[in-house]
Structure formats: C-alpha cells, structure tokens
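A short write-up of the structure that comes next.
The values are calculated or read from the model by the stated rules, or taken from the named source; none is laboratory data. Every value quoted in this text rests on a predicted model; they were computed, and no experiment measured them. Quick reminder, even Gly has a Cβ in these numbers, built from the backbone with ideal geometry, and neighbours come from all protein chains shown.
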Amino acid sequence: MKARCQFWLLTHHNEFYKPTNTGRLIAHSIAQTQIFEWSRLDPPQALLDALADPRYAPCIVFPSGEDYAHRMIDVVDGGNDRIPVFIILDGTWRQARRMFRHSRYLQHLPVIEPKTERLSRYALRRSKVEEHLCTAEVAIALLEQFGETVAASHLERYFDLFNGGYFESRRKWDKAEGV
C-alpha cells in the first residue's frame with residue numbers, strides 16, 4: 001500500500017530473530033518502508049546516505065522529553081515536496097531509549113510523538129505501561145495522525161490478524177505442552 005510518507009525502521013539486532021516483531025508488518029504493508037540495523041558506533045551507511053538526501057524530511061518517533069524539548073515537532077515539514085519520513089526505533093522500550101540516547105548520528109533530527117489515545121492491544125509482549133505501543137501500533141497512529149486513513153486501516157487489519165493468530169497458536173502450543 002502506498003502512503004505519502006515513508007517509514008524507516010532502525011531495528012535493534014535482537015528484533016530480527018523474534019517472531020513477535022511487528023516492524024516487519026510495516027515493511028510488508030507500506031510501500032517504500034526501509035529497515036536498517038541499529039549500531040551505536042557503526043551506523044548503517046545506507047541510513048546516513050538517506051538522511052543526507054534532500055528529497056526526505058526525516059524525524060525520529062519518540063515520546064516527548066525535557067532533555068530534547070527543543071527538537072519536538074507536531075508536523076513534519078514536507079515543504080518543497082520533501083517526503084515525510086518517520087524513523088521508528090524498533091526494539092523493546094528499554095532498547096529504544098538506549099538507541100535514542102546513544103545514536104549521535106540522529107541527535108540533529110526533529111522528534112515527533114504520535115498523538116493518540118489508543119492503548120496497546122499487542123498481546124504477544126507486554127509493557128508495564130499501557131500507553132507504550134508496539135512498533136506497528138506506532139505506525140498506525142502516525143498514519144492516522146497524518147490523514148493516511150486507508151493505509152492505517154490496512155496496517156491495522158494486518159496487525160490484528162498477526163496479533164490474534166500468533167497468540168492463538170501460542171495458546172494451542174502451551175496447551176499441548178501442558179503449560
């Protein structure tokens with residue numbers, strides 16, 4: 001599905017091996033999604049090249065905070081026909097915080113927080129905070145926020161199928177194992 005914006009997932013290396021990772025749902029659903037493996041000291045050259053490309057208006061998706069309040073934005077400036085890009089830090093919340101704080105190559109970028117009232121429906125991994133959304137839910141919220149309702153609906157249906165199907169198969173497996 002095409003959208004006017006793009007998603008660049010900066011993915012913690014552990015997430016590539018987790019069948020519960022929802023970042024891949026974005027890549028399968030939204031055209032032109034790119035996935036980069038995060039490294040604190042050796043950033044992916046393809047990401048650095050993309051960040052330097054004047055066609056894009058990239059911003060990091062992260063909750064607001066006092067330490068970087070001066071970088072917070074409400075709207076991505078896609079002026080001069082620049083393509084809005086949402087960089088989502090794909091990992092656990094602990095990993096995402098670390099990625100945000102320790103990636104010097106991202107510290108010049110504006111930060112955007114999804115404006116949503118939704119609570120997480122992700123059943124496969126639990127955060128202690130209900131407002132902490134999984135990667136796919138963050139993308140859905142951003143698509144809704146920026147008027148991409150068809151793409152948001154498409155991704156949300158895919159997420160619901162993944163979430164429900166995986167959870168059900170895990171329950172059956174646990175039942176068979178006597179857990």
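Miscellaneous remarks
- Residue count for the range 116-152 under the criterion of being under 16 Å from the mean Cα position of the chain (by Cα), at pLDDT 85 or above and not β-branched (Val, Ile, Thr): the result is 13.
- Within the range 57-78, being surrounded by fewer than 17 Cβ atoms within 10 Å (Cβ to Cβ) and in contact with a Gly (Cβ under 9 Å, 6 or more places away or on another chain) holds for one residue alone: Met72.
- Checking each residue in the range 50-107 for being in contact with a strand residue (DSSP E or B) (Cβ under 7 Å, 6 or more places away or on another chain), part of a loop (DSSP other than H, G, I, E, B) and modelled with pLDDT under 90 picks out Ser64, Val76, Asp77, Gly78.
- Scan of the range 7-33 for residues that are outside any loop (DSSP other than H, G, I, E, B), over 11 Å from the mean Cα position of the chain (by Cα), modelled with pLDDT of 95 or more and surrounded by 15 or more Cβ atoms within 10 Å (Cβ to Cβ), ordered by number: Ser29
- Condition check for Ala52: among the hydrophobic types (A, V, I, L, M, F, W, C), out of contact with any Cys (no Cβ under 8 Å at 6 or more places or on another chain) and either without any contact (Cβ under 8 Å) to a residue 12 or more places away in the chain or within 18 Å of Leu89 (Cβ to Cβ) (or both): yes
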